[in-house]
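Input: a single structure, listed below in structure tokens.
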Amino acid sequence: MSTYNVTEVLVGGAVLACAVAFGVYASQSTGLSQGSAGYQLEASFRSLEGVGVGTDVRLAGVKIGTVTGVTLNPDTYRADTTFSIADGIQVPDDSAIIISSEGLLGGNFVEVMPGGSPFYFEPGDQVEDTQGAVSLISLLVKFVAGDGSE
């Protein structure tokens, strides 16, 4: 009878260890473990379709930060967004911030298109040059229906 109890305890411990390992992996892969490392920038978008808190911010395909906050501005009806950029990454102050897609079935992410300015954004600066998400469904509807401009 005691062997049966020891086996149950060992299996239960193994399941618990796997659950803890999965939790650590999930927090690291979503960026939750990074905390507030880096500096914050702000941007306002017409559409943030597919982007939320925790979405990657990438430069040249490399993750350099995450989206840390999204709110609707009741005056402009735009999505005000804050995102963190890793320390050591300087973004030129004439850069554009674009919502890009990983493909037809992939998710969206925030892409930094660097400019050529010798000056860089400071923590808390507002990025003025933004481009919101493009809805694939609306593009397909325009293509199928024709937009009348030939």
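The values are calculated or read from the model by the stated rules, or taken from the named source; none is laboratory data. Here the structure is a predicted model, which is why all the values come from computation and not from measurement. For neighbour counting, all protein chains shown are included, and Cβ atoms are generated from backbone atoms with ideal geometry for every residue, glycine included. Note: areas computed on protein heavy atoms with side chains; ligands, DNA, RNA excluded. Shrake-Rupley method; radii C 1.70, N 1.55, O 1.52, S 1.80 Å.
Within the range 64-99, being in contact (Cβ under 8 Å) with a residue 24 or more places away in the chain, open to solvent by 20 Å² or more (accessible area, probe 1.4 Å), farther than 17 Å from residue 119 by Cα and within 17 Å of the chain's Cα centre (by Cα) holds for 68, 80, 82, 86, 98. Filter the range 84-106 for residues that are touching a Gly at 6+ places or on another chain (Cβ under 6 Å) and either of a type in the set (Gly, Ala, Ser) or more than 17 Å from residue 69 (Cβ to Cβ) (or both) and give the result. Across the range 84-106, the qualifying residues are 84, 86, 87, 92, 94, 95. Note on the range 82-96: residues that are closer than 16 Å to residue 54 by Cα and not in a loop (DSSP other than H, G, I, E, B) total 4.
Of the residues that make up the range 44-57, is at least one open to solvent by less than 40 Å² (accessible area, probe 1.4 Å), under 18 Å from residue 125 (Cα atoms) and more than 11 Å from the chain's Cα centre (by Cα)? Yes; the residues of the range 44-57 include at least one that is open to solvent by less than 40 Å² (accessible area, probe 1.4 Å), under 18 Å from residue 125 (Cα atoms) and more than 11 Å from the chain's Cα centre (by Cα).
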